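Some notes on the structure that comes next.
The values are calculated or read from the model by the stated rules, or taken from the named source; none is laboratory data. Since the model is a prediction, treat every value here as computed from it, not as a measurement. Note: areas computed on protein heavy atoms with side chains; ligands, DNA, RNA excluded. Shrake-Rupley method; radii C 1.70, N 1.55, O 1.52, S 1.80 Å.
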Amino acid sequence: MKNEEEMKAVDTFELNSKSNGKIDLPSRILKIRIENDNDSMFFRVYGDVASADAKIVISDPNVAILIKDGVRSPILSNGAYPLYEEKEKHKKCLFGSKKYLKEKKTIDLIVYNPTYAYHAYWGLSEPIRTRDTETHLPVSFRSIGYYDIKISNVEKFHSSLVGSNRSFNMDNLLDRITPIVSQVVRNEIVNVINGLHLNYIDVTNHALEIAEKIQPLVSETLNEQYGLFVPIFIIDKLNIPDEERNAIEQVLHEEREKYNFKKDTKEIADEIERLDDKEWEREKYLINLRREDYEKYLEVIKVLGYPKHQKEEPKTTKSSSYCPKCGNEVEKDSVYCPKCGEQLKAIEKKCPHCGKVLTSKGKFCPSCGKEI
């Protein structure tokens, strides 16, 4: 009589993902046990079974589908399942024993592990062409990344992909789903970027945020078609040509400069409004600004709404000027300020004897020589 260890070696056959394909099962097999090596999303084995009492033993997290004589079983989860019912056992058996079938039966067993996550890659083969949300400049970009996939619906995954195709493997699976993932990204990534109000030189800094928006869209598509779930979706690179990046940066720089100028102008206008009850300080502020930066002065006047007491006239048609001492508005040809008496122009001095204009400060007239 065989010892217990020999019986175990003969009566039990262990399967894992490395057993993929055709297997040679011992004639006196009682158990086909599926090991949980957590090394594959699915694997498939097929072989001949002679033992009428043989069982498949499945442990968590694996589930399996058995195909026998072209008929498939429901999804088998944790437990032990006989390969043959009583009515399938022949009266005439091999080796003169009722435990062995006269004719061996071929079984096809597909094992699935819903907890296993497969690491896959995606990429855009052709650049996406769009316009930058801030500058409206044309922009093109490529993107690549990776994602994990898991089985979310074994029944759908089996019926839509694996089915009765014994040669179906992970390479076949990736051939199917990679173009779909890339297409979802191509269709949605621009909408996501625009929805986040990002310009395209900033998108790299927001890759994680963009990926979080794309992930449920990819997962929903694969789940609907193949019963797959995408728990992780990553954008690894989002590349924009240097010349397009530089063009966007230049426009943004110019816009920032304009913004800062307007901001300064508004601050000046606010300061003038603050001085509204101090008329002279307000006027002095405007006069100094006018002298230092006439263009900024005009901008401030616009912000203030052209107040009537300070409405600007074109430079070429001015008929008045301002006293440099008190800021009072005076006639263009005034010699003295009527408000403070400041001399605005040099006074011409003439010789009392000959009437000629004196051009020097000497005691004698340079024209007639008489004492002044």
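By accessible area of protein heavy atoms, probe 1.4 Å, what ranking do Asp171, Asp264 get, highest first?
On the way: Asp171 105, Asp264 70 Å².
Highest to lowest solvent-accessible surface, that is Asp171, Asp264.
Residues whose amide H falls under 5 Å from that of Leu15, counting only those 5 or more places apart or on a different chain, are Arg33, Ile34, Glu35, with hydrogens built in the peptide plane. Taking every protein chain into account, the 1.4 Å probe leaves Lys339 with about 140 Å² of accessible area, to the nearest ten.
Scaled to the globular estimate 2.2 N^0.38 Å, the Cα spread of the stretch 93-234, given as radius of gyration, is 1.52. Sorting Tyr336, Tyr297 by accessible area puts them as Tyr336, Tyr297; the probe is 1.4 Å, largest comes first, and only protein heavy atoms count. Only protein heavy atoms count here; under a 1.4 Å probe, Lys55 has an accessible surface of about 90 Å². For Ile232, the residues whose amide H sits under 5 Å from its own are Asp148, ignoring neighbours fewer than 5 places away on the same chain, with H placed 1.01 Å from N. Note that the stretch 199-213 has calculated 3J(HN,Hα) couplings of 8, 7, 8, 9, 4, 4, 6, 10, 4, 5, 5, 5, 4, 5, 7 Hz, one per residue in order, obtained from phi through the Karplus relation 6.51 cos²θ - 1.76 cosθ + 1.60 (θ = phi - 60°); glycine and proline are x. Accessible surface for His253 stands near 90 Å², nearest 10, in the context of the full protein assembly shown (1.4 Å probe).
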